[in-house]
Amino acid sequence: MRFSIKNLSNSKVVTLGAAFALVLGAAVVSAAPKGDDEPLLDSTLLQALIDIAQPGQEIVPPPGRYKSHLKITKPIVFDGKGKVTLDGEGKESVLWVMADGATVRNFHIVNSGASHAQQDAGVQIRGKHNIVEDNLIENTLFGFSLEMAEYNTVRRNTVIGKNIDLGRRGDGIKLWYSHHNLVENNEFQRGRDIVFWYSTHNRFIGNRQSGGRYGLHLMQAQYNIAENNQFFDNSTGISMMYDTGDEIRNNVIAKAIGAAGTCLSLKESSDVVIEGNDILYCSSGISIDVAPYEPDSKNKIANNRIAYNDIAVAFLNDWKDNEFTGNLFTGNITEVGVYGGGSAKRNVWDGNRWEDYQGFDTNKDGVGDKPYRLYTYAGRVWMDVPNTRFFKGTPLLEVLDFLDRLAPFSEPVLMLEDKHPLLGADHKIRAGSKLEPKS
């Protein structure tokens with residue numbers, strides 16, 4: 001059994017001899033973990049190697065399964081080569097990266113503790129400019145936890161959380177007061193949320209996340225970018241709360257579960273850009289609650305495909321200063337709803353494609369000859385009386401809505417007006433992500 005230590009600056013490789021291997025062999029725990037035939041190795045000497053390593057050196061442990069609460073405190077390369085398992089034995093966090101400029105790759109990281117108070121995780125990251133890549137993390141409460149950590153990269157990892165009830169799970173990755181980090185091309189399964197709290201200028205790129213509560217939860221976070229991701233089968237796809245300046249681009253957000261499932265939610269968030277996304281198969285496609293919140297701010301919602309939802313855009317109140325341009329509304333049961341009365345007229349609606357537009361394009365410029373106007377009728381009582389939403393879509397309310405359109409019981413309320421509605425087949429409208437949705 002041999003460790004290899006490689007100095008990356010001059011490619012000199014130092015290999016520990018047989019005597020050291022014999023000492024390591026004496027530390028092997030012969031009893032294998034229950035359900036696992038692989039012996040569990042003591043990692044005391046492995047921690048010692050990490051502690052004495054020089055900056056820039058590469059440490060490659062011998063293949064095997066190690067008891068681990070290891071701490072990396074120097075800028076080294078720690079590489080499992082796909083043959084090493086780090087096992088937390090159901091206690092605490094499995095691996096700590098407490099350095100600037102370290103790299104951890106190619107490990108199988110398993111069995112953290114279950115303490116939310118301690119945020120037991122597969123990998124805890126502190127410091128700056130660390131890289132954690134190409135690891136398989138399983139049966140951990142949190143996958144990654146970053147606290148006051150900056151300029152780190154977390155990429156090409158697969159994170160599978162503990163098989164427990166959703167409310168008791170930890171997050172696939174949590175950023176807390178952590179800025180300028182890159183999280184890319186990871187897969188997150190069986191976690192609770194992906195969380196960016198009080199964290200700015202982070203990028204969440206090319207990830208796939210499913211089966212959680214919030215696919216991505218941005219809370220008191222500013223100027224973060226979420227791009228080219230896929231979110232499926234969550235209670236809420238993306239939630240932005242009290243945010244400023246976030247950019248949500250070219251994502252597939254689909255199949256939020258339950259009667260209140262929401263693809264994308266904005267609460268008191270300002271100067272947000274939502275552009276080029278597929279927002280599909282949810283109870284509410286986009287839910288807006290007092291957003292934008294800051295004075296003289298706007299939210300720009302452009303070139304999205306908002307399709308096959310119960311309500312495409314749901315305002316929880318009569319609010320203003322959202323700009324909807326170039327969006328494709330198709331296959332939704334209700335295009336726009338405003339709860340508690342009022343309308344959506346104080347927002348900008350211009351150049352969107354509406355499936356139920358009834359007009360012509362005589363000059364063939366792709367724009368309708370007359371504005372698109374959406375009215376609300378008495379049959380949509382579910383907007384004004386919350387308890388009646390249970391009956392939305394039932395024959396009774398649909399018949400009332402049909403009759404009111406045919407011979408209005410009262411003056412219809414203009415919900416919104418789009419003066420330049422787009423015409424043309426859905427596939428010709430440049431809206432939606434460039435990603436291929438996967439079930």
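Nothing in this text is a laboratory measurement; each read-out follows from the coordinates by a stated rule. Because the structure is a prediction, the values reported are computed rather than measured. Cβ atoms come from the backbone with ideal geometry, glycine included; neighbour counts cover every protein chain shown.
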Treat each spin label as a single point 7 Å out from the Cα along the C-beta direction, and report the Lys81 to Lys320 distance in nm. 6.7 nm
Find how many whole Å separate the alpha carbon centroid of the range 70-88 from the alpha carbon centroid of the range 138-192. 18 Å
How many nm separate the modelled label positions at Arg346 and Glu92, each set 7 Å beyond the Cα in the direction of the Cβ? 5.4 nm
Could you tell me the calculated FRET efficiency between His129 and Arg168, based on Cβ-Cβ distance and R0 = 30 angstrom, to the nearest 0.05? 0.35
Here FRET efficiency (C-beta to C-beta, Lys419 to Thr73, R₀ 51 Å, nearest 0.05) is 0.25
Under 5 Å, built H, 5+ apart or other chain: amide partners of Leu40: Val29
Report, by chain and number, residues whose modeled amide H sits under 5 Å from the one on Gly237, excluding near sequence neighbours (fewer than 5 apart, same chain). Gly215, Thr262, Cys263, Leu264
How much length is gained on full extension from Thr158 to Arg203, taking 0.36 nm per residue of separation minus their Cα-Cα distance? 14.4 nm
